[in-house]
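This report refers to the structure that appears directly beneath it.
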């Protein structure tokens, strides 16, 4: 062969066949596909039929995606040229996200929320969302939309887009895909936080704070990606692990990149010192969105944290573990202590969520299969209890809407015993009382951390749990053993939608507390990453 023939061969473009593994990506594709259909419904369907169509699409799409996750059970494979990993943790966390997203959508769909509805539109209650998000709060346009009984339905496709990004986040096998997933589920949440019907200015302030701080955290995340790419020459998690195992002369890039990456991830789960947005956003956002964020976002965020530290940095355990020790201790202490001073129910639950982030981090610190499985179980248990608790908050109302001031909850358990008992159950689960899912979850993560050599961290966790139990019990005493105040709010009779969310949350909280072994076994079998 002549030299010209050789040059011709070199110049000939190589044929690369890129395949898309649709079956492996089916849960995410279903959710994104339904979300796109929801956008088309908003654009072309008559306003009168949008609500039932969007509700059916939302619940049906999430249920179909969960069926797809179940169908993939036992799968261990890479998709999209290795950028997506479908393994045990991916499927378990995706299933958990979908299971909590379904009742969250039911809560978002609630329209008989006890608000005053125009007499001519009793059947068209506005629910928790503003009738016209683009209007200035208190403006004539907003008042006219309220009188007309206009109800928001674009919240459904926005929620589905957020769920789709959350499904991709813990499945991402390279940092660029993880960043795309982070932005896909964050952007809809920024919008949803500003759509509260009542206290519009507070809601918009919460959305602005979340957006600005989220943008900063994303910048840290991207800078971390750049440094890790400079260190390893790749953004794949396995490639970073190989580079760290071999070692280079630029280890400072590895440490700085890991630290900056951790900032972006820890921000999403609300760990101290990146927690400042949690109380404000939880308080200002519509309560159904707060419940969705407090559960699904935390599950997705911890899924990404587990994958980054267990897959990309397993050999650097001795270096990142002290960082996580400090963050976990600070998060448990700050969340538990500051919650004692709160006088607003939603802010108290927000600081409770911060404390639980610290408890979950003790499972991450274990850096073992037991730590992985116990963390996934904790996320499952915590998700349903939190959904139920926020669903109860939506029922306590007066003429101005939801009442979150703690003092006005006095005597609520006497006036509405069933609601009081159910809410007490959720609080006891948060406190980790036996026979609730919270006790099993805390026991599992503490045991895994102790076996991993983090006994001092477990001691701090137990002490913080005792502190947290005080403010949970304080609310129970307030509801059942304190005389009602003169301006006591009423408890709205829940519709079928809210009742199903509360019933499901209470049922799962009890079942996982009394018969946790099947879920624990499932989490244990799923606790193996593709490395």
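The values are calculated or read from the model by the stated rules, or taken from the named source; none is laboratory data. Bear in mind the structure is a predicted one, so any value in this text is a computation, not a measurement. Here the Cβ positions follow ideal geometry from the backbone for every residue, glycine too, while neighbour counts run over all protein chains shown.
Here are a few things to note about the model shown:
- Criterion violated by residue 504 - all others in (1) farther than 21 Å from residue 359 by Cβ; (2) surrounded by fewer than 18 Cβ atoms within 10 Å (Cβ to Cβ); (3) touching a helix residue (DSSP H, G or I) at 6+ places or on another chain (Cβ under 8 Å) satisfied: (2)
- Test: residue in the range 318-341 that is in contact with a helix residue (DSSP H, G or I) (Cβ under 7 Å, 6 or more places away or on another chain), without any contact (Cβ under 8 Å) to a residue 24 or more places away in the chain and either over 21 Å from residue 460 (Cα atoms) or surrounded by fewer than 23 Cβ atoms within 10 Å (Cβ to Cβ) (or both): yes
- Contact map, the range 45-61: residues that are farther than 16 Å from residue 110 by Cα paired with residues that are surrounded by 12 or more Cβ atoms within 10 Å (Cβ to Cβ), Cβ distance under 7 Å, separation 6+ or inter-chain. Pairs shown: 45/53; 61/30; 61/31; 61/34; 61/160.
- The lone criterion from (1) farther than 25 Å from residue 100 by Cα; (2) buried (at least 24 other Cβ atoms within 10 Å of the Cβ) left unmet by residue 238 is number (2).
- Qualifying residue in the range 83-91 (condition: touching a strand residue (DSSP E or B) at 6+ places or on another chain (Cβ under 8 Å), surrounded by fewer than 21 Cβ atoms within 10 Å (Cβ to Cβ) and not in a helix (DSSP H, G or I)): yes
- Remark: residue 35 matches the filter, which requires a residue to be in contact (Cβ under 8 Å) with a residue 60 or more places away in the chain, surrounded by 14 or more Cβ atoms within 10 Å (Cβ to Cβ) and under 23 Å from residue 296 (Cβ atoms).
- Within the range 485-499, tally of residues that are farther than 17 Å from residue 295 by Cα, in contact with a helix residue (DSSP H, G or I) (Cβ under 8 Å, 6 or more places away or on another chain) and surrounded by 15 or more Cβ atoms within 10 Å (Cβ to Cβ): 5
- One residue from 183, 123 being surrounded by fewer than 17 Cβ atoms within 10 Å (Cβ to Cβ) and modelled with pLDDT of 90 or more: 183
- The requirement of being touching a strand residue (DSSP E or B) at 6+ places or on another chain (Cβ under 9 Å) and assigned to a helix (DSSP H, G or I) is satisfied by residue 419.
- Any helices (runs of 4 or more DSSP H) falling wholly within the range 168-248 and containing at least 2 residues that are more than 25 Å from residue 313 (Cβ to Cβ): 175-192, 200-232
- Some residue of the range 290-300 being buried (at least 19 other Cβ atoms within 10 Å of the Cβ), in contact with a strand residue (DSSP E or B) (Cβ under 9 Å, 6 or more places away or on another chain) and over 20 Å from residue 172 (Cα atoms): no
- Per-region count, the range 240-265, residues farther than 23 Å from residue 160 by Cα and either within 15 Å of the chain's Cα centre (by Cα) or in contact (Cβ under 8 Å) with a residue 24 or more places away in the chain (or both): 15
- None of 520, 512, 504, 497 is under 30 Å from residue 314 (Cα atoms), out of contact with any strand residue (DSSP E or B) (no Cβ under 8 Å at 6 or more places or on another chain) and assigned to a helix (DSSP H, G or I) except 520.
- Residues (touching a strand residue (DSSP E or B) at 6+ places or on another chain (Cβ under 8 Å) and at pLDDT 90 or above) located in the range 1-55: 24, 25
- Members of the range 442-492 that are part of a loop (DSSP other than H, G, I, E, B) and touching a residue at least 24 places away in the same chain (Cβ under 8 Å): 452, 454, 482, 483, 484, 485, 487, 488, 489, 492
- Test: residue in the range 365-383 that is part of a loop (DSSP other than H, G, I, E, B) and surrounded by fewer than 22 Cβ atoms within 10 Å (Cβ to Cβ): yes
- Of the numbered criteria (1) touching a strand residue (DSSP E or B) at 6+ places or on another chain (Cβ under 9 Å); (2) part of a helix (DSSP H, G or I); (3) surrounded by fewer than 22 Cβ atoms within 10 Å (Cβ to Cβ), the one residue 253 fails is (1).
For every residue, the table says whether it meets (1) at pLDDT 70 or above; (2) closer than 18 Å to residue 495 by Cα; (3) out of contact with any strand residue (DSSP E or B) (no Cβ under 8 Å at 6 or more places or on another chain); (4) surrounded by fewer than 22 Cβ atoms within 10 Å (Cβ to Cβ).
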| residue | (1), (2), (3), (4) |
| --- | --- |
| 97 | yes, no, yes, no |
| 104 | yes, yes, yes, no |
| 133 | no, no, yes, yes |
| 149 | no, no, yes, yes |
| 156 | yes, no, yes, no |
| 164 | yes, no, yes, no |
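- Yes/no for residue 73 being out of contact with any strand residue (DSSP E or B) (no Cβ under 6 Å at 6 or more places or on another chain), free of Cβ contacts under 8 Å to residues at least 40 places away in the same chain and either more than 20 Å from residue 127 (Cβ to Cβ) or assigned to a loop (DSSP other than H, G, I, E, B) (or both): yes
- Among (1) modelled with pLDDT under 95; (2) assigned to a helix (DSSP H, G or I); (3) within 17 Å of the chain's Cα centre (by Cα) - the single one residue 300 does not satisfy: (1)
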